[in-house]
């Protein structure tokens, strides 16, 4: 099993490296001069030369990539072109803001979605099950910004006036303003939950039909034990992958939500950076989001492997 | 037989939802302490549904509609749910058909055994210790190790036989009064089957428990049951002591079922039952067996026969009980002199999967017009050998000769003519036919590839179906509109349509009911006799070999340990493995089916 995990970690690193190549190619190595593209037509020759020096655009492509990669590996991501701050220092509070938002969404969405899915399976073909199925389908079909706008209409601007429509906190950490966090979190939860609910329901239905669950019932076990010991652990295995995909999606999906609610996280930072053609920031954020994807999927793989006794007990 | 009644079933009816189709109906059974009731029936007869109803359990889509199931004086169907739960595992326990799927793959066997004792209710330390002792005790009783290391294993770390022993241990650990065993040996090798049966017998005696043994296999049931109940189409059509039923079956179905069991001595002809059991959704009025019964009269089709007590304790649902057909002596097979030129020769074949060698030093000859049986248990490599011969497993060394000409290893590199001459019928007819094609398309598929354009495709289909004893009007049907036996005949027709010289049959009857199996064997014998077809018949069933083949090769762990004419190998086996196979197969010769018992 450790060999398998080691292999997956190695694979994750290879993918991360591949992503770095793609990010580099898609930003700095595009045909034409990156510095000119950033500064636009009206750039003065002095500014152009200064930027070219900063981006090393005069060097051959491989050398440019080498320098950029070396900088990334030593967490020296260069300076933001828009405000001159080092990228690391500029992004650090934003990354932590986004992580807070994502963590809260994940911590709420995962157990709730699993519980709703399992409950729906236990009530199979009854009204509750049909309602869950319909609601999750509708939520899955709606783009997350539509969900967000509807929530804003309901809770902030239209019907009830209980929550702020946009994030307008002052100084300090975001979690000091819990009321402001509710709508962005809720939108994210509603965006990632439907798939988990549906997968969990399908997995539970299958497990509940299995012979070992029937045997557990015929052994005279209390229904609670049947469900918690025999059914749920076997259903969660296949769902772990979907949870991972959904949580990884959060890393990208958060961009739209942050933009919608003006939440000061990586999403908003990315939007600003693209608007300002702030190349070092774009590169750093792209790599960061890709890295999150890889790490979350890797964790899901490891959990999946560890949950399977066949893999866990294998000799090699 | 002892006086006190452990199980009393009255007027039990189980219906399907929402169709209200009767899956099991009008079932009355009683069982005394220490007795074993054999519940025999073919697939779809409702025997498993009945078995589950004895624990007051109904599968999804079914529901127990009426009747009573009284176990040790308490009617499980009227008890509150909590009481029923307590009764399960302690008063009445269940041993499932396939332990591989009935044991939870994610839990250690110790956990699964221990929880039978106390559920999760009691956590007291002394109870846990007691539980641990009981787990070890019951493991010793089913002849499994009781070491902590073994108890900590997961189900996948055990062999099939060990898993079944765990399932038995799980049933007995709560010292129940009644055990329901649902085909506990189906899918096990004969040697394992014998050990499991012995264990069951010993445990029932040791605990003084009564048993309901559900099976489709008369031979197995005859060896373990005191009483028999034969089910057909949801009803018990005949019930009585095992002795009485086996000596003189009074229902035509029971009699035909007994005659369908292959005779290990091959003296009696094994005769199939034409047609197939009706589905619960489309049961005929009157006696459900009437459409398949040779003795049926108009009144059989009109009225549902009530149970008649023919002798004390022997009841039959038939309007004229007691005129079963007599067993017929087997028609001799073609003489197997092996004089004909060999169609197929296998020389020095060894095959592997990756780095694991599964076959070595295989020498095999199939003479023209004769049948060679390849006999082996699961994992012996018999399927790999047949796949290598047909070109589906090219990773082998050695030679395969067709009419003295070496065949390429892979199917793709063989000529069309070579591929046409060797055809293959797969084990599972439910997976071997593309569900989206009609029978006509299925039969014509290989013909078009291997014989090019044919002048009259309809004639080819008609002819192939006829040779496989299928009605011509089935050509327009899809596989899911056919029964299992019909599907396997379609697979055979598909192989025959190309006009092969050699037919390789890989366990083709193992997923079929015994009555259907017999008619497939009849068909293969007919093809051999009439058309001079050569057969390589792969099987694990000794009795079938005796009834079909002139030669046999016994495969053990990838080597042929014994081969020769069937008569010689079975009367004077040389190799200990062959001897053990013969000894472990249940010798089933009910008095009724003995040739000398009449005239």
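Odds and ends about this structure:
- Residue within the range B:296-308 that is modelled with pLDDT of 80 or more and closer than 25 Å to residue B:527 by Cβ present: no
- Taking the range B:414-445 as the range and being part of a helix (DSSP H, G or I), touching a strand residue (DSSP E or B) at 6+ places or on another chain (Cβ under 8 Å) and within 12 Å of residue B:490 (Cβ to Cβ) as the test, only B:432 passes.
- Search result, residues across the range B:364-409 that are in a loop (DSSP other than H, G, I, E, B) and out of contact with any strand residue (DSSP E or B) (no Cβ under 7 Å at 6 or more places or on another chain): B:377, B:378, B:379, B:391, B:392, B:394, B:404, B:408
- Every pair of residues 6+ apart whose Cβ atoms lie under 7 Å, when the first sits in the range A:61-88 and is under 10 Å from residue A:281 (Cβ atoms) while the second is assigned to a loop (DSSP other than H, G, I, E, B): A:79/A:85; A:80/A:278; A:81/A:278; A:82/A:278; A:87/A:77; A:87/A:78; A:87/A:80
- Residue match in the range A:238-245 (condition: without any contact (Cβ under 8 Å) to a residue 40 or more places away in the chain, crowded, with 20+ Cβ neighbours inside 10 Å, over 25 Å from residue A:27 (Cβ atoms) and within 14 Å of chain B (Cβ to nearest Cβ)): no
- So residue A:279, is it in contact (Cβ under 8 Å) with a residue 24 or more places away in the chain and over 16 Å from the mean Cα position of the chain (by Cα): yes
- Failed item, numbered, when residue B:78 is tested on (1) free of Cβ contacts under 8 Å to residues at least 24 places away in the same chain; (2) assigned to a loop (DSSP other than H, G, I, E, B); (3) out of contact with any strand residue (DSSP E or B) (no Cβ under 8 Å at 6 or more places or on another chain): (3)
- Looking across the range B:362-386, the residues that are modelled with pLDDT of 90 or more and surrounded by fewer than 19 Cβ atoms within 10 Å (Cβ to Cβ) come down to B:363, B:365.
- Members of the range B:558-583 found to be surrounded by 15 or more Cβ atoms within 10 Å (Cβ to Cβ) and in a loop (DSSP other than H, G, I, E, B), listed by number: B:558, B:573, B:575
- When A:135, A:104 are checked against the criterion of being within 19 Å of the chain's Cα centre (by Cα) and either surrounded by 14 or more Cβ atoms within 10 Å (Cβ to Cβ) or modelled with pLDDT under 90 (or both), A:104 stands alone in meeting it.
- Subset tally (residues that are within 26 Å of residue B:21 (Cβ to Cβ) and surrounded by fewer than 19 Cβ atoms within 10 Å (Cβ to Cβ)) for the range B:71-100: 5
Results for (1) farther than 30 Å from residue B:92 by Cα; (2) free of Cβ contacts under 8 Å to residues at least 12 places away in the same chain, shown as yes or no for each residue.
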residue: A:183; (1), (2): yes, no
residue: A:186; (1), (2): yes, no
residue: A:191; (1), (2): yes, no
residue: A:201; (1), (2): yes, no
residue: A:204; (1), (2): no, no
residue: A:208; (1), (2): no, no
residue: A:212; (1), (2): no, no
residue: A:217; (1), (2): no, yes
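- Selection of helices (runs of 4 or more DSSP H) fully inside the range B:239-348 by the criterion of at least 3 residues being within 30 Å of residue B:565 (Cβ to Cβ) and touching a helix residue (DSSP H, G or I) at 6+ places or on another chain (Cβ under 8 Å) returns B:252-260.
- Which numbered condition residue A:221 fails, given (1) more than 8 Å from every other protein chain (Cβ to nearest Cβ); (2) more than 19 Å from residue A:308 (Cα to Cα): (1)
- Hits in the range B:167-221 (condition: part of a loop (DSSP other than H, G, I, E, B), within 14 Å of chain A (Cβ to nearest Cβ), under 24 Å from the mean Cα position of the chain (by Cα) and buried (at least 23 other Cβ atoms within 10 Å of the Cβ)): B:184
- Of residues in the range A:200-216 being surrounded by fewer than 23 Cβ atoms within 10 Å (Cβ to Cβ) and more than 17 Å from residue B:105 (Cβ to Cβ), the one nearest to the other protein chains (Cβ to nearest Cβ): A:205
- The condition of being away from chain A (no Cβ under 12 Å) and modelled with pLDDT of 90 or more holds for only one of B:78, B:91, that being B:78.
- Helices (runs of 4 or more DSSP H) completely within the range B:446-532 that count 3 or more residues being over 24 Å from residue B:542 (Cβ atoms): B:457-467, B:484-496
- Residues in the range B:311-329 that are over 22 Å from residue B:260 (Cβ atoms) and surrounded by 14 or more Cβ atoms within 10 Å (Cβ to Cβ): B:315, B:319.
- Note on the range B:136-146: among residues that are in a helix (DSSP H, G or I), in contact with a helix residue (DSSP H, G or I) (Cβ under 8 Å, 6 or more places away or on another chain) and surrounded by fewer than 21 Cβ atoms within 10 Å (Cβ to Cβ), the one that is modelled with the lowest pLDDT is B:141.
- Of the numbered criteria (1) modelled with pLDDT of 85 or more; (2) surrounded by fewer than 17 Cβ atoms within 10 Å (Cβ to Cβ), the one residue A:53 fails is (1).
- Residues that are surrounded by 21 or more Cβ atoms within 10 Å (Cβ to Cβ), within 25 Å of residue B:185 (Cβ to Cβ) and touching a helix residue (DSSP H, G or I) at 6+ places or on another chain (Cβ under 7 Å), drawn from the range B:40-61: B:40, B:41, B:42, B:55
- When A:117, A:78, A:148 are checked against the criterion of being at pLDDT 90 or above and buried (at least 17 other Cβ atoms within 10 Å of the Cβ), A:117 stands alone in meeting it.
The values are calculated or read from the model by the stated rules, or taken from the named source; none is laboratory data. Keep in mind the model is a prediction, meaning the values are calculated, not measured. In this analysis, Cβ positions are derived from the backbone assuming ideal geometry, glycine residues included, and neighbour counts consider all displayed protein chains.
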